[in-house]
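Please treat every number below as a calculation from the coordinates, not as lab data. Worth saying up front: this structure is predicted, and the values here are computed from it rather than measured. Note: ideal-geometry Cβ built from the backbone for every residue, glycine included; neighbour counts use all protein chains shown.
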Amino acid sequence: MSLPIWTDLFASADLEPAPATIDQLDRFLDLLIDWNEKLNLTRIATRPEADLKHIADALTLLPHLPPATRDRGRQRNSPLTLADLGTGGGVPGIPLAIARPDLRVTLIDATRKKLDALDHIVATLGLTNVRTLHARIEAVEVKYDILTTRAVAELDKLLELTQGLFKNGTRLLALKGPKAAEELQAARPRLNRLRRTSRLHPVDRPELPGHCIIEVR
């Protein structure tokens with residue numbers, strides 16, 4: 001069963017989820033919690049906590065994703081590609097793939113067992129826009145339109161790891177906590193050297209205290 005915050009976060013991105021979308025998000029959490037009993041995919045193990053810290057957490061990124069269409073409603077020539085780096089339990093990558101089926105999502109992790117579980121979850125959900133990639137972040141040679149991360153590294157280290165994944169127009173969206181502003185300040189020299197712009201987006205939701213998004217382009 002969805003929470004009101006899920007609907008609010010969809011609305012913040014001018015999206016209205018179909019009942020099937022909500023059902024898939026619910027089913028994803030069921031599968032994730034089941035698999036977490038076999039493998040340590042995530043430290044968040046209870047359903048109420050997962051509703052907020054997996055689904056709602058991921059959906060806060062929706063307003064910061066590029067739209068499916070270009071200006072004046074024209075369709076893009078090719079689908080937007082998103083890489084979820086150090087994906088762990090598939091968050092935020094899988095919820096975003098469900099919420100935005102136009103995205104082509106790659107779940108990247110260095111732990112094969114986690115990806116095996118995610119392959120099963122993706123197949124069970126019937127998600128045709130998601131694939132997995134077993135690799136360390138710094139070893140990936142593909143460039144993406146969108147990069148997402150959660151609990152992977154502090155921003156300065158993250159910028160170092162992801163240098164090879166950027167192309168013209170790429171945006172990095174890092175889910176962060178209360179120390180986001182400190183991380184952004186510490187990363188300022190590297191941001192300047194790489195000629196990247198950055199923004200801090202606080203998420204004003206009492207259900208997610210301290211939650212922030214760092215955007216780098």
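A Förster radius of 22 Å, combined with the Cβ-Cβ distance separating residue 205 from residue 7, puts the computed FRET efficiency at roughly 0.95.
Just check the stretch 70-177 against the gyration tensor rule for me: Cα atoms, a ≥ b ≥ c as the square roots of the eigenvalues, rounded for a/c under 1.5, and otherwise prolate or oblate depending on whether a/b exceeds b/c.
Here the stretch 70-177 falls in the oblate category.
Please list, in order, the residues from the stretch 110-154 whose amide nitrogen is less than 18 Å from a point placed 7 Å along the Cα→Cβ vector of residue 195. It comes to no residues whatsoever.
Set the Förster radius R0 to 35 Å, insert the Cβ-Cβ distance between residue 14 and residue 131 as r into 1/(1 + (r/R0)^6), and round the FRET efficiency to 0.05. Taking R0 as 35 Å, the efficiency between residue 14 and residue 131 is 0.80.
Only lysine pairs 8 or more places apart, or on different chains, with alpha-carbon atoms under 24 angstrom apart are counted in the stretch 62-170, and they number 5. Using the Karplus relation 6.51 cos²θ - 1.76 cosθ + 1.60 with θ = phi - 60°, the per-residue 3J(HN,Hα) values for the stretch 123-131 come to 5, 5, 7, x, 7, 8, 9, 10, 9 Hz, with x marking Gly and Pro.
Rg ratio for the chain: its Cα radius of gyration over 2.2 N^0.38 Å, N being its residue count, equals 0.97.
Evaluate the Kirkwood expression for the hydrodynamic radius of the stretch 52-133, namely the inverse of the mean inverse distance over all pairs of different C-alpha atoms, and round to one decimal in Å. Write down the numbers at each step before the final one.
Numbers: mean 1/r = 0.0757 Å⁻¹.
About 13.2 Å for the stretch 52-133.
Looking at the square roots a ≥ b ≥ c of the eigenvalues of the Cα gyration tensor of the stretch 128-217, which shape do they give, rounded for a/c under 1.5, prolate if a/b is larger than b/c, or oblate? Oblate, because a/c is 1.5 or more while a/b does not exceed b/c.
Taking the charge dipole of the chain about its Cα centre, with +1 at Lys and Arg Cβ atoms and -1 at Asp and Glu Cβ atoms, the residue from 134, 92, 202 reaching farthest to the positive side is 134. Cβ crowding within 10 Å, taken as a proxy for footprinting-reagent exposure, orders 170, 46 from fewest neighbours to most as 46, 170. For residue 157, neighbours were defined as the other residues whose beta-carbon sits under 10 Å from its Cβ, and their charges (Lys and Arg +1, Asp and Glu -1) total -3. Sequence-ordered 3J(HN,Hα) estimates for the stretch 56-69 from the Karplus curve with 6.51, -1.76 and 1.60 and θ = phi - 60° stand at 4, 4, 5, 5, 5, 7, 3, x, 9, 8, x, x, 5, 10 Hz, glycine and proline given as x.
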